[in-house]
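Student: Below you'll find the structure I mean.
The values are calculated or read from the model by the stated rules, or taken from the named source; none is laboratory data. These figures come from a predicted structure and were not determined experimentally. Here the Cβ positions follow ideal geometry from the backbone for every residue, glycine too, while neighbour counts run over all protein chains shown. The area values use the complete protein model at the heavy-atom level, side chains included, leaving out ligands, DNA and RNA. Shrake-Rupley method; radii C 1.70, N 1.55, O 1.52, S 1.80 Å.
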Amino acid sequence: MIKSIKKIAVMTSGGDAPGMNAAIRSVVRTCAYYQIECIGIYRGYQGMIEADFVTMTARSVNNIIHKGGTILKSARSKEFRTAEGRKKAHANLIKHNIDALVVIGGDGSFTGSVVFNNEYGFPAVGIPGTIDNDIYGTSHTLGYDTALNTAMDAIDKIRDTASSHNRLFFVEVMGRDAGFIALNVGVGAGAEEILIPEEDLGLERMLESLKKSKSSGKSSSIVVVAEGDKSGKNVYQLANYVEENMDEYEVRVSVLGHMQRGGSPSCFDRVLASRLGVKAVELLLEGKTNLMVGLQNNEVIATDLEKAIKGNNDIDMELLRVSDIMTT
Ligand code: ATP
């Protein structure tokens, strides 16, 4: 028989992402709505090992929906990767009468949850929180939309300098091995070229395209580069390469970095977080486990956690074609 769920714990784990606070708020308030207890775990799995817990009520999450980062803090825990660490974590959950977990994080955090569930059969549901959008089973991860808008605003500003000085800017955006941010921000900011890990078009093609853009009368150019691009050169080497092969432009580099992970979540991310938090708690109350909640065709759906970890979220190649046409 499925044990009835009376107390749910929520935590944020791995890299922080805008919208995590909105998701914590949603989990806490959904628990309050169903009149079950809710515990916040500080610093992800490390806090679970150290019993760094706090009781959360509907009022504990006042005024956080608009805040970036995570009020529960996040951490990467080496100790949780060991059987000994997980044993301590399990003992703490049992001691505090916690029946189930909501894990807000990326694929590493979900892997931890699957390992834990295999060992202890501990019910858990994941909410995908990462700006990279590299998780299968959801069209959008929490924080991705905000990161897109943050990066796009930054590139708009860089464009002002680029066009005032006839410069070519290489702008590196985040995304690890996924080109979602680069491709969408590139199209949204009107970049002349977009370099993503999923499609290596070669350096020659980039030079040709930049030359074409110059001769068509453009005074400035922006090349958006995903941090995991596979051209074999980092963004500084790419800039040097272009400068050596094209004397038409003065070349500059801007690496946007961690500013893309911060800031107030967009309306889209706040709404997504609210929807996913409700579904995560409701699935646990229905006795379901080892699932990730996500968005597909604007519907909240559940995907097997292992599938979410192993599957690939494919990039929209049509968008590359659109980008090509836009640079005419
Ligand atoms: P991001 O996408 O921002 O990197 P993430 O959730 O993928 O977020 P990770 O650092 O990969 O971040 O994972 C978070 C934590 O999950 C790890 O610090 C570790 O405690 C736990 N974890 C990851 N993989 C495992 C594993 N194989 N076994 C046990 N725990 C794990």
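Student: Restricting to region 94-115, count the residues that are away from the ligand (no atom under 15 Å from the Cβ), assigned to a helix (DSSP H, G or I) and crowded, with 18+ Cβ neighbours inside 10 Å.
Tutor: Here the count works out to 0.
Student: Another one. Take the conditions more than 24 Å from the chain's Cα centre (by Cα), on the phi < 0 side of the Ramachandran plot and within 16 Å of the ligand (Cβ to nearest atom) and apply them to I49. Does it pass?
Tutor: yes
Student: Looking at (1) farther than 25 Å from P197 by Cβ; (2) within 16 Å of the ligand (Cβ to nearest atom), which is the one condition that is false for Y136?
Tutor: For Y136, the exception is condition (1).
Student: Pairs please, first residue from region 73-95 and more than 12 Å from E119 (Cβ to Cβ) and assigned by TED's automatic domain parsing to the domain that holds Y42, second anywhere and of a type in the set (A, V, I, L, M, F, W, C) and part of a loop (DSSP other than H, G, I, E, B), Cβ atoms under 6 Å, 6+ apart in sequence or on different chains.
Tutor: Partner pairs satisfying both residue conditions: N92/A51.
Student: Now for a separate question. Against the definition (assigned to a loop (DSSP other than H, G, I, E, B), of a type in the set (S, T, Y), within 11 Å of the ligand (Cβ to nearest atom) and more than 19 Å from E286 (Cα to Cα)), how does S77 come out, yes or no? Steps first, answer last, please.
Tutor: Working: assigned to a loop (DSSP other than H, G, I, E, B): yes; of a type in the set (S, T, Y): yes; within 11 Å of the ligand (Cβ to nearest atom): yes; more than 19 Å from E286 (Cα to Cα): yes.
For S77, the condition - assigned to a loop (DSSP other than H, G, I, E, B), of a type in the set (S, T, Y), within 11 Å of the ligand (Cβ to nearest atom) and more than 19 Å from E286 (Cα to Cα) - is met.
Student: While we're on this one: Suppose we filter R43, R59 for residues that are open to solvent by 30 Å² or more (accessible area, probe 1.4 Å) and away from the ligand (no atom under 16 Å from the Cβ); which single one remains?
Tutor: Unique residue meeting the criteria: R59.
Student: Same structure again: Just checking, does region 237-253 include any residue being within 21 Å of the chain's Cα centre (by Cα), of a type in the set (A, V, I, L, M, F, W, C) and open to solvent by less than 60 Å² (accessible area, probe 1.4 Å)?
Tutor: No, region 237-253 contains no residue that is within 21 Å of the chain's Cα centre (by Cα), of a type in the set (A, V, I, L, M, F, W, C) and open to solvent by less than 60 Å² (accessible area, probe 1.4 Å).
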